[in-house]
Amino acid sequence: MDLFKGSDLIIPTDENAAGMSRRSFFKRAAVAGATSAFALSGLTSLAVAQDREDADHDYGRDHDNDDPKKRDRDILVAAQIAEALAVTTYTNIIDLAPFFPHIPSDDQGYLMAARQEEMSHYLLEQSVTDQFTPFSSFFYPHKMFSDSQTTLNTLVTLEDAFIAAYLVGVRNFSTRELRVTAARIMGIESDHRTLARVIGPDVAAQDGGPIETITGAQGVAESVDPPNNNGYERTLCWTHIDQALAALMPFVDKNAAMKAGFDTSSSYQFEPFNPVLPNPLGEFISFKGC
């Protein structure tokens, strides 16, 4: 399905919430690719506050004049970066987090299945953009894979961001097929958010549990009871993909990571693989959704 034949990834300058233009973001992404959505409770404000006085002007204006193919590609490339980050996050939770071997087997199964699903999302988006993720090495908060509270806070924060980013796709994709696909992926990210919150009370005392509250993208410690505490998905008030890019910056850019208080002494590499989804009935099938 060639949605972008003859299109250009770079689009005219438009400042995002971190004060970086889409042009400069994708230029940096291109450099990163050639050479290779939050800091826990405070990352939302970090992504927005640097240019608060310009944000209303930027996001309140009409973006419908953007070339649709360029806009679609921007959203999909941002989604690829997010999915590569998600795969890397789940992989290292499974491999490194001390709590993982001690949680119930169904919790372990969720984390392992989520890893497969995020990789499937990545490959689907890559099949449309026909390019590898421009960022494949990621930074995280201090103690990301050693402290259970930090791990779950960050995981839920990321899932919050992924949900909001795919809702941007639902809002702004130019074709019905892409909008439906974005909604289908967003639903899975919502599953992941809920199931991550299920894990909190199951964390053993030896690993810092039970964890009774988890702080997501909105910076509020929320009770894990009930884990499915949304009546409606949270948009984070994002209306354009630039806002999602701003949220991704601390995970992909060392300077932004330092400003966010992340650990920049090491990074974690995205390692692609061939996913196996848990059930054939839940596979992609087609862009038509049937």
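Values quoted throughout were computed directly from the atomic coordinates according to the rules given, and no laboratory measurement underlies them. Bear in mind the structure is a predicted one, so any value in this text is a computation, not a measurement.
Structural remarks
- Between the alpha-carbon centres of segment 225-254 and segment 149-172 there is a gap of 4 Å.
- Sequence-ordered 3J(HN,Hα) estimates for segment 124-140 from the Karplus curve with 6.51, -1.76 and 1.60 and θ = phi - 60° stand at 4, 5, 5, 5, 8, 7, 6, 8, 6, 4, x, 10, 10, 9, 10, 9, 9 Hz, glycine and proline given as x.
- Sequence-distant residues sharing a close amide H with Ser137 (under 5 Å, placed H): Phe270
- Full-stretch length increase - Arg176, Val220 - with 0.36 nm per residue and alpha-carbon distance subtracted: 12.4 nm
- Proximity of backbone amide H atoms, modeled 1.01 Å from N, is registered between Glu222 and Ile214, Thr215, Gly216 at under 5 Å, excluding neighbours fewer than 5 places apart on the same chain.
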